[in-house]
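Since the structure comes first, as structure tokens, the remarks are kept for the end.
Where a number appears in this text, it was derived from the coordinates with a stated rule and is not lab data. Note that the structure is predicted; figures quoted are calculated from it, not measured. When we count neighbours, we look across all protein chains shown, and the Cβ atoms used for this are built from the backbone with ideal geometry, even at glycine.
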Amino acid sequence: MKHSFSIKSLVVFTLLCLGLSASANAFYTISPDSASKEEKAVKSTAKVARDNQNQTQYLTKDLQQKDFNLNDRKAVNRPQMPHYDLPADSAVYMGGRPRSKQQDAFVNHKYYYPAKPKNQWEIGLGIGSFIVSGDVTPVASPLRNYGATFTIRKAFGYVFSLRGQYVFGHAEGLDYKPKANSLRNPALNGSINPSIDYTDQSILPNYKMLSHEAALEGVFTFGNIKFHRERNMVNLYAFLGVGAQFYKTMTNALDADGNMYNYSEANRIYLNTTNSGTFLTNPKKKAVYSELRNIMDKTYETQAESHTNTNQTRSQIKTYAMNPLYNIGFGLGFHVSKRVTLNIESRVSITGDDLLDGQRFQDDRKVIGGPGMIGGSLTRNFDTYYFNAVTVNIHLGKKALEPLWWLNPMDFAYKKLGDMDPDRIIAELLQDDDEDGIINKLDKEPNTKLGCPVDAHGVALDSDKDGIIDCDDKEPFSPPGFPIDANGVAKVPCCAEGMKLDGGTGVSGGTGFDCSKVELPSIYFGDDKYNVSPEYFAHLHEVADKLQMCPDAKIVVTGMNVNGKYGEQLAWSRVNKAIDYMTTKYGVARDRFIVKFVTEEKATTPQQRMEQRRVEFRVAQDGETGPSNPPAPHPGLQAGKDF
């Protein structure tokens, strides 16, 4: 057959593919134990560890976010996809018109689709087996049938890319089956060189061909579009291309002394040796090749029949004939790192030429009753050649992503779906990292010290504006106009505030504080609530301050009761919240308070309803008594909210 393929080469190539595939799988597989150790090691640092698989300069946000964190995703699958919607990162690889215009519209929510990112070029160098499938059996040696290639490739989408390829090929062939087909072959019938005429004997055809091919190929990638993982480490691709081949074929027709070979012994061995075994172990084949090695040199001194020496209308450069061709093939790509990939591929080039191996005729025939021998007919099929190669590729280009055939176009849609998770959105909106009661979105001081009271914007309170926040201030409501110490306590001179200097009223000794004339503020609570709002901390500070200035005085705390049992329980909770704040914050003894409740009529106006949510304070009169810590009126009743 014309398309008989070298079984040895096919076996070698198959084993090579299997071996490299297994090695790649072993290299890229992360065991659960190793993944766990790696994840812990990466999480223990604040910055991205060395990562050969990812362009980490475009993954900063992924390392910082809590959900879908980069390290968590790396423990499941590598490599990772960059974002298309981050102005700081994606602007780097989304630049250039009209790409920038579309990306700006997308980021500003004026267009649904992100721009196609800039991606890197790929260049590759490879080697492999180069085998001609024609009329002469290829030599079963990778050292005599080899090729090399250089490629340059650019993606035009996630599936389609264009590749320019140059292929050099060196191929040799030697038949072990005698053929009598020289009558019409000008290189062997004496037409070109009278000293080379094999028309009267059977020969063992042989050749050496040198080939140079340049082709432009469309490559279609099938492995990068993934629905169940972020990206892939192995891609399957196929390609189809057109190009031109320049080749020269030589044959070994003369020995070292310039004489034709005598193939009679090789013909005898072929006829008398038993044909058994497989293609690789055939004793007839081995015996014939052994004889040919004894009689033949390796000079390939004679140009075989070619379009360049038979006046055929073919383009040529000196002794190289030119063939237009098309090729088709497939391959596997392995993602070794963010800059380096490895391809294993097989391709066949179809030339429409039957002289790649220097042979195109069938055996000569003898015509009974005719003039004798006539030349054989042309063989049925044209010659083709196969190139099976391993290619190392490098990605080139700054401010660009990896080639698009390594990126997953489904990733952007999946990221958007993940971002639209209602539970996640609610959790992000309500997130309060410093636990001050103000969500991050509204918090102007996101790292407030734990437990410190804050204002409505999440800023720690400094009630007396002395530069020391209340939770660190031992006197949060220092009188204004006086210097303070390191603890926030005002350095007030004797008799400065609330003291009488006339020497006639108050405490014996001529000076003192008139506790009988103290006016104390009230505090107000939210509707159906009993927690003390931070805006009333100053009021409670004033009450506690007067208690400290009047060590013998007691304070009457009055709660307003409306709405029956529910109102009684709510009023009790409000009174106790106020008293508990002063006993805890300022160390005021509980027995210095007298608790009372007043029942009022149901309010009809907003102002009346606000007044009924108050707790009042006043100095107890001489001899006035009452409980300081009365029990709850309705212990099993939950009234109001503490927030």
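For this structure, a couple of remarks:
- Coil-residue chymotrypsin sites (Phe, Trp or Tyr not before Pro) of segment 167-229, DSSP, other Cβ within 10 Å capped at 12: Phe222, Phe227
- Cα gyration tensor, segment 536-643 - rounded (a/c under 1.5), prolate or oblate: prolate
- In sequence order, segment 444-455 has phi-based couplings of 8, 9, x, 10, 4, 4, 4, x, 7, x, 10, 8 Hz under the Karplus curve 6.51 cos²θ - 1.76 cosθ + 1.60, θ = phi - 60°, and Gly or Pro positions carry x.
- Summary value for segment 212-328: 32 percent relative contact order, contacts being C-alpha pairs under 8 angstrom separated by 6+ residues.
- The mean of 1/r over all distinct Cα pairs in segment 432-479, once inverted, gives the Kirkwood hydrodynamic radius of 10.8 Å.
- Near Ala639, once Lys and Arg are set to +1 and Asp and Glu to -1 for all other residues with Cβ below 14 Å from its Cβ, the sum equals +2.
- Positive minus negative residues near Glu172 (Lys, Arg vs Asp, Glu; Cβ under 10 Å): +2
- Per-peptide average of other Cβ atoms within 10 Å, ordering 128-135, 597-604 highest first: 128-135, 597-604
- Interchain or long-range residues, amide H under 5 Å from Asp353's placed H: Asp383
- Where a label projected 7 Å from the Cα of Glu519 along Cα→Cβ would reach, residues of segment 600-637 with amide N under 18 Å: 615-620
- Overall shape: oblate for segment 239-355, with the ratio a/c of the largest to smallest alpha carbon gyration tensor axis at 1.5 or above and b/c at least equal to a/b.
- Debye equation applied to the C-alpha atoms of segment 199-303, log10 I(q)/I(0) at 0.09, 0.11 Å⁻¹: -0.51, -0.64
- Approximate spin-label separation Val489-Asp297, in nm, with each point projected 7 Å along Cα-to-Cβ: 11.4
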